[in-house]
C-alpha cells in the first residue's frame, strides 16, 4: 500500500506550489487516536469505500501523521459510525490564503486493501504471460528477477541486469550459466542472437549442457541428447545429435 505525505508551501520561490485554497472556518472538534482535530466544513466523506477527512490541527505534521497512520478502529460523526478504516492511503497538507494549514487524510478498510492487492497481483501475473515480446519490453520491471536454483520453463521471461530474457529450455538455473552468457538457455528479447552458439567445453558439472541445448561445433550443428552433457559434439551420437539444415 502506498503512503503519501504531500506538503505544499506558500513560498513564492517554490515552482511546484499548487494554488492556495480559500480560507475556511473550522466547525467541529473530534478526536482521532487521542489527537484532537477540527473538521473543516463538516468534511468527513465516504467515497468509493474510502474514508476522507479534512481538518485543521495544532500538533506537528509528524504527530498528526502518526495518529492517522494507526488507522481508525471506530469513529462516530453526525449519527454515523465508521469502523475498521485501519489502512492510511493518503495524507496531505496545504495552506489556505491566510496561511492556515489544512490537512486531508483518506483511509481504507484493511480487507479492501488486501483484495485490491490480490487483484493487482493477478493482473500482473496475467500480463507477464500474455504480453507480446514487443509490449513486454515497455514494462520490463513487472517481470521477475533471475535467481539461482530456480526451475525455469521454456518461454518464461525474466530480468537480469535490467535486460529482459526469454527462457529457451526447461532447466534449473546455476551461477555458471547466467542469462548474459548461457545463449543455449536464454535469449535477449531486445537483441536476439544466433540460436546455435559455438560449443564451449564445460569445466565442471554445473556448467554442463542440458538436454535440448543447441550448439555449433566444427561447422556443424548439434542438439544435446542428455542432461549434464560434458562431452564434445561429434564424438558420440548418443550424447549429441547432429542436425542438418533441413531439420532446423
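Worth pointing out:
- The range 70-224: projected area of the alpha-carbon convex hull, averaged over directions, in nm²: 15.7 nm²
- Oblate is the label for the range 147-229, because the ratio a/c of its alpha-carbon gyration tensor axes (a ≥ b ≥ c) is 1.5 or higher and a/b is not greater than b/c.
- Three-way shape call for the range 35-77 based on the alpha-carbon gyration tensor, with the a/c threshold at 1.5: oblate
- Distance-filtered residues of the range 136-171 - backbone nitrogen under 19 Å, label point 7 angstrom along residue 127 Cα→Cβ: 136-146, 156-160, 162-166
- For 80, 56, order by how many other beta-carbon atoms lie within 10 Å, fewest first: 80, 56
- Fewest-first ordering of 201, 157, 43 by other beta carbons within 10 Å of each residue's beta carbon gives 201, 43, 157.
- Computing FRET efficiency as 1/(1 + (r/R0)^6) for residue 137 and residue 181, where r is the C-beta to C-beta distance and R0 is 25 Å, gives about 0.75.
The numbers here are math on the coordinates, done by the rules we state, and not lab data. Model, not experiment: these values are computed from the prediction. With ideal geometry, Cβ positions are generated from the backbone for all residues, glycine too; neighbour counts draw on all protein chains shown.
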